[in-house]
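Report on the structure given below.
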Amino acid sequence: MASNVNPTVRRRRLGQELRRLRELKGMTAEEVAERLLVSQSKISRLENGRRSISQRDVRDLCGVYEVEDHRVVDSLMQMAKDSRQQGWWHAFGDIPYSVYIGLETDAASLRVYESLIVPGLLQTRDYAEAVISGMWPEATPAEVEKRIQVRLKRQDRLSDPDGPLRFWAVIDEALLRRVVGTERIMADQLEHLAQLSAQPHVTLQVLPYSVGAHPGMYGKFAILEFADALDASVVYLEGVTSDLYLEKANDVQSYTVMYEHLRAKALSAEQSREFILQVAAEYAR
């Protein structure tokens, strides 16, 4: 989906602009909430792009901020309208990580560190089914299938003819060794990884057991970057019941430095491909 109609990204940009207008007015979120008789948390959610923004919200906020330029107000109102459109993922119903999917759909590059599971964008269907079923034992077959379809649809970003996602993954050796499903599924999955890693826009590095302790032991994370300079980079941390999005420059920088350390410790892309194929051959015996 093009960035100019991606509802998640439009909502995020609109929130950033509303925050800028509030700060220019010298008001706190609490003061704005008191003026509009709403909760402070609503103002915060509107500004961080985690809540849908109505045109009425924009009108009321522009009134509080005394925005007199009608062109600015009209532009913000249009952004609010666009932000309420539905992305492709809405067709699948309630998806718990829909905010992340919206960001991933619009990202120009994505760097991930994974220690236990093959990154979703690189999973085969059989592996995806096995891992989703294992992680969500109470799910019905229909729910599992829905998540598989969403995962496979997300993978279109890697083959987008208008500009594929620049994808870089550092993966721990542990996820190569953990048998998800069957050994045949693992062999196919690892061969698939090796094939994808040969593409010019996909880089895959393995962090072998031999490196010992490393910064990635804090847990998996993803860093999303966007082509438009107005869209700041985001660090995504996935949780069981909720997710965390870090957008402050210092936070993004900390994770960026951590990622560079992981890249330095990992095998090269060519060594990683050979290592993955070696493990795949062990499964295929």
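The values are calculated or read from the model by the stated rules, or taken from the named source; none is laboratory data. Just so you know, these numbers come straight off a predicted model, no measurement behind them. In this analysis, Cβ positions are derived from the backbone assuming ideal geometry, glycine residues included, and neighbour counts consider all displayed protein chains. Calculation scope for accessible area: heavy atoms of the full protein, side chains included, ligands and nucleic acids excluded. Shrake-Rupley method; radii C 1.70, N 1.55, O 1.52, S 1.80 Å.
Here are some notes:
- Efficiency of FRET from Cβ geometry, ASP69 and ASN48, R₀ 25 Å, rounded to 0.05: 0.50
- Charge sum, other residues only, whose C-beta stays under 13 Å from VAL67's C-beta, Lys/Arg counted +1 and Asp/Glu -1: -1
- Accessible area per residue (1.4 Å probe, heavy atoms of protein chains only) ranks SER254, SER233 as SER254, SER233, with the largest value leading.
- Dipole magnitude of the range 1-117, debye to nearest 20 (Cβ charges: Lys/Arg +1, Asp/Glu -1, about Cα centre): 120
- The magnitude of the dipole of the range 144-200, with charges of +1 and -1 set on the Cβ of Lys/Arg and Asp/Glu and taken from the Cα centre, is near 260 debye.
- Helix-only mean residue ellipticity at 222 nm for the chain, each DSSP H run of n ≥ 4 adding -39500 (n - 2.57), per residue, nearest 500: -16000 deg cm²/dmol
- Label-reachable residues, the range 134-164, where backbone N falls under 19 Å from a point 7 Å from ALA227's Cα toward its Cβ: 154-164
- Rg/Rh, computed from the Cα trace of the range 149-285 with Rh as the Kirkwood radius, has the value 0.97.
- ARG20/MET217 FRET efficiency (R0 51 Å; Cβ-Cβ; nearest 0.05): 0.85
- Whole-number percent relative contact order across the chain, with pairs defined as alpha carbons under 8 Å at least 6 apart: 18
- For the listed residue pairs LYS153/LYS220; LYS42/LYS146; LYS146/LYS248; LYS153/LYS248; LYS81/LYS220; LYS153/LYS265, the alpha carbons are over 26 angstrom apart in LYS42/LYS146; LYS146/LYS248; LYS153/LYS248; LYS81/LYS220; LYS153/LYS265.
- Cα gyration tensor of the range 213-257 - equivalent ellipsoid semi-axes, whole Å, descending: 20, 14, 8
- For the chain, dividing the convex hull volume of the Cα atoms by the residue count gives 140 Å³ per residue.
- Excluding ligands, DNA and RNA, the accessible surface per residue across the chain is 51 Å² with a 1.4 Å probe.
- To put it simply, the accessible area of the chain at a 1.4 Å probe is 50 percent carbon and sulfur.
- Computed about the Cα centre, the dipole magnitude for the chain is approximately 260 debye when only Lys and Arg (+1) and Asp and Glu (-1) carry charge, each at its Cβ.
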